[in-house]
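The values are calculated or read from the model by the stated rules, or taken from the named source; none is laboratory data. The model shown is predicted, which means the values in this text are computed figures rather than measured ones. Positions of Cβ are generated from backbone atoms using ideal geometry, with glycine treated the same way; all protein chains shown enter the neighbour counts.
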Amino acid sequence: MKKTLDPATDQPTTGRTSGAGRLLITVYGVFAISATARAGYQIATHFLDAPVAYLMSAFAAVVYIVATISLAKPGRTWAKVATVAICIELLGVLVVGALSLFDADAFPHATVWSMFGRGYGFVPLLLPIVGLWWLYRHRAVATK
C-alpha cells in the first residue's frame, strides 16, 4: 500500500485519516463545536434550571473534542484513544437517551444525547457506531 503525505503536516497519512475518514473527522469536529457552544450557553444562562443535563452537555462536548483530535492524529495510540472516546460516547448516548426517554424528570432540558440525539437528527446515536466501525476497519493500517 502506497503511503501519501498529508500536505498540512508532511506526515504519512493512513487509511484512517484520509478519504472518508476526513469526513468522519469533520462531522466529529462539527459536533465538538456545536456541543461546546450549546453547553457553554446552557451553563452560562440557565445552569440552575437543569444542572445535570447541562453538565452532561459539557461532558459530551469534551468527548467529541477528544474523539475529533484522536481521530485526526495518525498512529496506534491515537486510534486507541479514539476507540475509548467513541465507546464512552456510545455509552453516553444510550444511557442519557434511555433516561431522557423513560424518566423525563431526570433531564428536564435537552442535551446533545437526549432522546438518543433526536434534536440532532439522531446523528449522535449513529456517529459512534460509524466511528467504531471505521476504527475497526482501519485497525491494521495504524502505525506507531
Self-check item: Inter-residue pairs, beta-carbon under 7 Å, first assigned to a helix (DSSP H, G or I) and in the range 71-89, second buried (at least 17 other Cβ atoms within 10 Å of the Cβ) and of a type in the set (Ser, Thr, Tyr), 6+ apart
Solution: Leu71/Tyr28; Ala72/Thr17; Trp78/Ser70; Val81/Ser70; Ala82/Ser70; Ala85/Ser70
Quiz item: What residue, of Arg16, Arg38, Arg22, is modelled with pLDDT under 80, assigned to a helix (DSSP H, G or I) and either loosely packed, with under 15 Cβ neighbours inside 10 Å or not small (Gly, Ala, Ser) (or both)?
Solution: Arg16
Practice problem: Being touching a Ser or Thr at 6+ places or on another chain (Cβ under 8 Å) and in contact (Cβ under 8 Å) with a residue 40 or more places away in the chain is the filter here, so list the residues in the range 90-109 that pass it. | Solution: Val96, Ala106, Phe107
Quiz item: From the list Val123, Val112, Val63, Val95, which residue is among the aliphatic types (A, V, I, L, M), within 18 Å of Arg38 (Cβ to Cβ) and surrounded by fewer than 19 Cβ atoms within 10 Å (Cβ to Cβ)?
Solution: Val123
